[in-house]
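The values are calculated or read from the model by the stated rules, or taken from the named source; none is laboratory data. What you are looking at is a predicted structure, and each value in this text was computed from that prediction instead of being measured. Cβ coordinates were reconstructed from backbone atoms using ideal geometry, including for glycine residues, and neighbour counts include every protein chain displayed.
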Amino acid sequence: MAVNILFFISLVFFALASIGLLRFPDAYSRLHAASLGDTLGFGLIIIATMILVPDLINRFKLLLLLGVVWIVNPTTSHYVGKVALLRGNWVVLRRGRTSKKEGGETL
């Protein structure tokens, strides 16, 4: 029963991340939604799988995989956002108003 609940909650996180990719106005918000949704959804799937796996060595491998993903996914998202900022990607402050992150100029 707990495994089914964890799988369902992970699907909710993945669905919310997908909706965030479609609905948010700029690349930074979309990147944030995708990063959080994927990390939390994947974490819950690994925890549910750890409950299902009977032996200790495979649980340890899943725990290692979870640690790697929890380190790599936010780091990769940070670097993608930094590259977007360095290449001059616009940040949306409100609907209809945009501003450059570096200079603070409003258009």
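General remarks:
- Test: residue in the range 45-56 that is farther than 30 Å from VAL92 by Cα, part of a helix (DSSP H, G or I) and without any contact (Cβ under 8 Å) to a residue 12 or more places away in the chain: yes
- Test for ALA15: is it surrounded by 18 or more Cβ atoms within 10 Å (Cβ to Cβ) and either modelled with pLDDT under 90 or part of a helix (DSSP H, G or I) (or both): no
- Restricting GLY67, GLY37 to those that are over 10 Å from the mean Cα position of the chain (by Cα) and either surrounded by 18 or more Cβ atoms within 10 Å (Cβ to Cβ) or outside any loop (DSSP other than H, G, I, E, B) (or both) reduces the list to GLY67.
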